[in-house]
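Report on the following structure.
Laboratory data are not the source of any read-out in this text; all were calculated from the coordinates shown. Here the structure is a predicted model, which means the values were calculated and not measured. We place every Cβ from the backbone using ideal geometry, glycine too, and count neighbours over all the protein chains shown.
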């Protein structure tokens, strides 16, 4: 029986790692510390999700693993289905396939179609059928035309699907079709509560038990024990990169002032910046950019002493989420916070979560 704290997780290779091999120590350190779940984001450089997932599964024993997220349109459905089933069997059921809508500008540059909700729903349906051992002939749906799709007729597996959601349509889709939903970072308390309601209500309308759809808060966790330049990169740098990529959605979702975003974008240091700010900006540049971002935009995070961070993490559960990702930090960065969390934790509060992070059953 694992003594991992299955209600919390972390993202491996946060930010811009020098080598993907850093994952090995991170996953093993997390498991030793009691962190229950490992989430794997994907960037098309040295963070390809299938490779990282296999590595995480091979060097761990109990920790749950999820891609959060990969995109369904970058691989053939049989490739994605085989990836997930391989991970499922290799880890003894500790894996969840996590999908996301992705970034339209990136897909435009790659020559890939932008992802629509109908495509996602069609794709999830295909995955469920393949993992049950079905052979699908002549599929013609929103996610594509496929003469024949099949993995293994002997399969009869439930592999949980996690969806990284942002807007109301994505949240509702996650609630009615997926096993777990991961929210975005820097959501205000009001936004978090609204997003949880959207997911749970959509599940109920679809005839599902809303209590079985697991909602993860993705909560920036940056303690004061970290050096100032590191904290600056993990707060200002990360928020600035989100605003670069999908600022309108961030502002609209949190009901923030769009004029602030406009001034941010027009500032020469942002308008002329080449690349992602959290990867490329110097400490001096981040200090300049910090003046463009209101403090209350960065406030939805765990900061301060380990005890203050734990208080903020526990407050996320009061917002209605089922679990919390301690986002933007390695297990080494999180160690004093996790130790303080463990001391204050009431294990009876969380019940028996499954081995994987994708759902509650």
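A few notes on this one:
- Label-point separation in nm, residue 46 to residue 290, each point 7 Å along Cα→Cβ: 2.8 nm
- With an a/c value of 1.5 or above and a/b not larger than b/c for the gyration tensor axes a ≥ b ≥ c computed over the alpha-carbon atoms, region 1-155 is described as oblate.
- Residue exposure sequence - 143, 218, 195 - by fewest surrounding Cβ within 10 Å: 143, 218, 195
- P(r) of the chain over all Cα-Cα pairs, binned every 10 Å from zero, in whole percent: 5, 25, 35, 25, 8, 1
- Shown is the FRET efficiency for residue 265 and residue 348, computed with R0 = 45 Å from the Cβ-Cβ distance and rounded to the nearest 0.05: 0.40.
- Order of 334, 232 under a 10 Å beta carbon neighbour criterion, fewest first: 232, 334
- Between 0 and 90°, nearest 10: helix 117-131 axis offset from the chain longest Cα axis: 50 degrees
- Taken over the alpha carbons of region 147-211 as equal point scatterers, the Debye sum produces base-10 log I(q)/I(0) values at 0.12, 0.23 Å⁻¹ of -0.38, -0.90.
- Across the chain, the mean sequence separation of Cα contacts (distance under 8 Å, 6 or more residues apart), normalised by length, yields a relative contact order of 20 percent.
- Paramagnetic reach from residue 106 (point 7 Å along Cα→Cβ, amide N under 15 Å) across region 132-167: 164-166
- Considering only 99, 171, 226, the mean-square fluctuation computed in a Gaussian network model of the chain, springs between alpha carbons under 10 angstrom, is largest for 226.
- If you bin all the Cα-Cα distances of region 227-300 at 10 Å, starting from zero, the percentages per bin are 20, 60, 20, 0.
- Remark: spin-label model distance residue 114-residue 76 equals 2.8 nm, labels positioned 7 Å along the Cα→Cβ axis.
- For the chain, the longest principal axis of the Cα atoms and the long axis of helix 22-33 meet at an angle of about 90 degrees.
- Mean Cα-pair separation over length for region 227-300, i.e. relative contact order, pairs under 8 Å, 6 or more apart, %: 46 percent
- Our estimate of slack between residue 248 and residue 308, defined as 0.36 nm per intervening residue step minus the Cα-Cα distance, is 18.5 nm.
- A Förster radius of 45 Å, combined with the Cβ-Cβ distance separating residue 193 from residue 19, puts the computed FRET efficiency at roughly 0.70.
- Taking 292, 243 and counting other C-beta atoms within 10 Å, the order from fewest to most: 292, 243
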